[in-house]
Each structure stands twice: as structure tokens, then as C-alpha cells.
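Input: a single structure, listed below in C-alpha cells.
The values are calculated or read from the model by the stated rules, or taken from the named source; none is laboratory data. Keep in mind it's a predicted model, so treat the numbers as computed, not measured. Every residue, glycine as well, gets a Cβ built from its backbone with ideal geometry; the counts of neighbours run over all protein chains shown. Please note that ligands, DNA and RNA were not included when accessible areas were found on the heavy atoms of the full protein model with its side chains. Shrake-Rupley method; radii C 1.70, N 1.55, O 1.52, S 1.80 Å.
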Amino acid sequence: EGLEGVRAVVEEALYCRVKRWEIIAPKENFFSQFDEAYARYFLETRERRSIVARSLWEKGLSRHVLNAAELERRNPRWLPEAMKGAFRSLIILFDDKVAIISSYDALSAILIRSEEINATFKAMFDALWIGAEPYRPPKK
């Protein structure tokens, strides 16, 4: 619970063993609402640790056009329109863990360490990934 609890879960994800994430990010999420300094720390640490991801985003999530390095690191796709608003928490799958991070307003996070639960979430992620469309920058 609280800001320190959320940060502890984020730190766990940033220092993952495998350095690979699957992410489902709603348009409004903890990182889009938190202060820029922490968001910068998050992105810089992720880059320094060479963490790559497959990212599922709601359309309109990116505020800027991703460069080639960001595209390779984040590997984003757009969630199907039918999923718009369905995810209200950020989900990060890594190692044998599932991190679920609420919005900044709710300030709570759950970290589950279970190969079985991680595999279940990964199966759901893979099903969404198949139906997701390749990233193209949002039209301004």
C-alpha cells in the first residue's frame, strides 16, 4: 500500500533476473500520473539494465513518437478497441512474477510470485498479443 509499497514492487520488476517483461498498460497508469523524476528514473534504470519488453497499450498512450531504440526495447502493440478501458491497472509479467500496479490515485500494488499464476497471465497476454495491431504513432 502507498507510494513506498508501489515503489518496492517497481524495484522488484526493475531488478528482474531474465530482463524481459510483458506489459499491459492502460492509457492512464501509475507512470503516466506520477512525477517526471521518478518516471525518468524508471526509464533510465530499465534502459541501463537492458530490459526488453512486449508492450500492449491502449491507443493514444504514447505522447511522443518512439525512436528505433525505444521501439526495439518496448516492442509496443495497440490493444484491440474492444479492450479499451478494460484494464485499469498496469500489469508487468517477469521471471516467475506478476506485478499489478494501480493508478496513482489508488496507490497500491500486488506482487505475486508463482510460476503457475505467471503462466496463466502470460497465456492471456499472448492471446491479446495475437489480436493486437502493430504500433503506429497516434495521429495528432
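Against the conditions (1) open to solvent by 40 Å² or more (accessible area, probe 1.4 Å); (2) part of a strand (DSSP E or B), residue 99 satisfies every one except (1).
Remark: residue 94 matches the filter, which requires a residue to be of a type in the set (Phe, Trp, Tyr), touching a helix residue (DSSP H, G or I) at 6+ places or on another chain (Cβ under 9 Å) and either open to solvent by less than 70 Å² (accessible area, probe 1.4 Å) or modelled with pLDDT of 95 or more (or both).
Given the residues 39, 132, which is the only one that is within 14 Å of the chain's Cα centre (by Cα), aliphatic (A, V, I, L, M) and surrounded by 14 or more Cβ atoms within 10 Å (Cβ to Cβ)? Even if it seems obvious, please write down each step before you answer.
Working: 132 fails: within 14 Å of the chain's Cα centre (by Cα).
Result: 39 is the single residue among 39, 132 that is within 14 Å of the chain's Cα centre (by Cα), aliphatic (A, V, I, L, M) and surrounded by 14 or more Cβ atoms within 10 Å (Cβ to Cβ).
State yes or no: is residue 32 among the polar types (S, T, N, Q), under 25 Å from residue 126 (Cα atoms) and either assigned to a helix (DSSP H, G or I) or open to solvent by 40 Å² or more (accessible area, probe 1.4 Å) (or both)? In short, yes. Given the conditions (1) in contact with a helix residue (DSSP H, G or I) (Cβ under 6 Å, 6 or more places away or on another chain); (2) touching a residue at least 60 places away in the same chain (Cβ under 8 Å), which single one is not true for residue 10? Here residue 10 clears every test but (1). Across the range 35-76, the number of residues qualifying as assigned to a loop (DSSP other than H, G, I, E, B) and under 22 Å from residue 133 (Cα atoms) comes to 11.
Taking the range 77-91 on its own, how many of its residues are of a type outside the set (A, V, I, L, M) and either in a strand (DSSP E or B) or surrounded by 17 or more Cβ atoms within 10 Å (Cβ to Cβ) (or both)? Explain how you work it out, then say what you get.
As a first pass, look at the range 77-91 and keep what is of a type outside the set (A, V, I, L, M): 77-78, 80-81, 84-85, 87-89.
Okay, now just the ones that are also either in a strand (DSSP E or B) or surrounded by 17 or more Cβ atoms within 10 Å (Cβ to Cβ) (or both), so 77-78, 87, 89.
Counting residues in the range 77-91 that are of a type outside the set (A, V, I, L, M) and either in a strand (DSSP E or B) or surrounded by 17 or more Cβ atoms within 10 Å (Cβ to Cβ) (or both) gives 4.
Which residues, taken from the range 1-44, are in contact with a strand residue (DSSP E or B) (Cβ under 7 Å, 6 or more places away or on another chain) and among the small types (Gly, Ala, Ser)? Across the range 1-44, the qualifying residues are 5, 13, 25.
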